[in-house]
């Protein structure tokens, strides 16, 4: 019996941390894969509204995004606080022409057979008025881009209330 | 000499975890997991001339107006957003066969009109409720016909069959220019 006691004595054995890097790397790769990098700078503030009847935008390459909102603090001295439209990384001044050009530029990156499936995602701030949104919609109709998606976040409260 | 030793000296991998942690934290911060979601809408094609004022049977039109103060007018009466969905459903399906609601779901037209001063939030809220009315009706129809809710489990043909029975007709009028910001 004295034999066993001897083993337990002295310092407690250390936990091996040799596999820690592997675990961290696994997490790292997970986040690297799911990360969507924001391309370009966002110049308008956008907090999208909440809704319940949402559909997922499947193919990222077939989606182009139009931002509508008030300029961020940095740009308010130049562009004021009125809601503005951001296309790519520029403010748009002449909606009809700019949106048509924006859509054409996006089409260049897409296979011609898939042009019919292109969706324009409108990410508009919840507090902008419909006037500017309507202007964007009209411009899109004129450019014959009819599939659009009003970006929104799921309204968890309402969704739970329904079930 | 030391170089002539049999085994090469090991590289210290102790800091590997720190480097990995650093990268991990960077990606954690920049990640936005939620994919883009939203309400998908199909716009009508653009035409220069205004649409001709076709005379519609009044019972088949469910007019919804959202004004610049985000107040709701449904069929010329003030209404509450909370029962808009129920009312729209009743209007489309008309289960009791009432005289003042849509004759058949295929004839039902929902007409949505807003001011330029309406907030986007209020507009989308109303749109969401109207869409929800159709989604729920499709769900019920799907349960009746195929015994499953309206989802991706259905084939395209089955979906089209349901949509033919209850077509989504939502016409948006040009907004009036009340209360715009500029």
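The values are calculated or read from the model by the stated rules, or taken from the named source; none is laboratory data. Note that this is a predicted model, so its numbers are computed, not measured. All Cβ positions, even for glycine, are placed from backbone atoms using ideal geometry, and neighbour counts span all protein chains on display.
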- Query: Has region A:15-23 got at least one residue that is over 26 Å from residue B:118 (Cα atoms), away from chain B (no Cβ under 11 Å) and at pLDDT below 85?
  - Reply: yes
- If we scan region B:106-114, do we find a residue that is more than 22 Å from residue B:41 (Cα to Cα), within 9 Å of chain A (Cβ to nearest Cβ) and in contact with a strand residue (DSSP E or B) (Cβ under 7 Å, 6 or more places away or on another chain)? no
- Task: Count, please, the residues in region B:16-41 that happen to be modelled with pLDDT of 75 or more and exposed (fewer than 10 other Cβ atoms within 10 Å of the Cβ).
- Result: 1
- residue B:121 is checked against (1) over 18 Å from residue B:176 (Cβ atoms); (2) out of contact with any strand residue (DSSP E or B) (no Cβ under 7 Å at 6 or more places or on another chain); (3) within 14 Å of another protein chain (Cβ to nearest Cβ); (4) touching a residue at least 60 places away in the same chain (Cβ under 8 Å) and fails just one. What number does that condition carry? (4)
- Among (1) in contact with a strand residue (DSSP E or B) (Cβ under 8 Å, 6 or more places away or on another chain); (2) within 10 Å of chain B (Cβ to nearest Cβ); (3) under 30 Å from residue B:85 (Cβ atoms), which single condition is residue A:81 missing? (3)
- Can you pull out the strands (runs of 3 or more DSSP E) entirely within region B:53-157 that have at least 2 residues that are surrounded by fewer than 12 Cβ atoms within 10 Å (Cβ to Cβ)? B:77-79
- Listed residues A:147, A:137; which is at pLDDT 90 or above, surrounded by 14 or more Cβ atoms within 10 Å (Cβ to Cβ) and over 19 Å from the mean Cα position of the chain (by Cα)? A:137
- Residue ID - nearest to the other protein chains (Cβ to nearest Cβ), chosen from residues in region A:56-78 that are exposed (fewer than 13 other Cβ atoms within 10 Å of the Cβ) and in contact (Cβ under 8 Å) with a residue 40 or more places away in the chain: A:59
- Evaluation of residue A:44 against (1) surrounded by 19 or more Cβ atoms within 10 Å (Cβ to Cβ); (2) without any contact (Cβ under 8 Å) to a residue 60 or more places away in the chain; (3) more than 8 Å from chain B (Cβ to nearest Cβ) (one fails), failing number: (2)
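Please work out which residue is modelled with the lowest pLDDT, limiting yourself to region B:141-179 and to residues that are farther than 24 Å from residue B:47 by Cβ and either touching a strand residue (DSSP E or B) at 6+ places or on another chain (Cβ under 9 Å) or within 14 Å of chain A (Cβ to nearest Cβ) (or both).
If we take residues in region B:141-179 being farther than 24 Å from residue B:47 by Cβ and either touching a strand residue (DSSP E or B) at 6+ places or on another chain (Cβ under 9 Å) or within 14 Å of chain A (Cβ to nearest Cβ) (or both), then B:179 is modelled with the lowest pLDDT.
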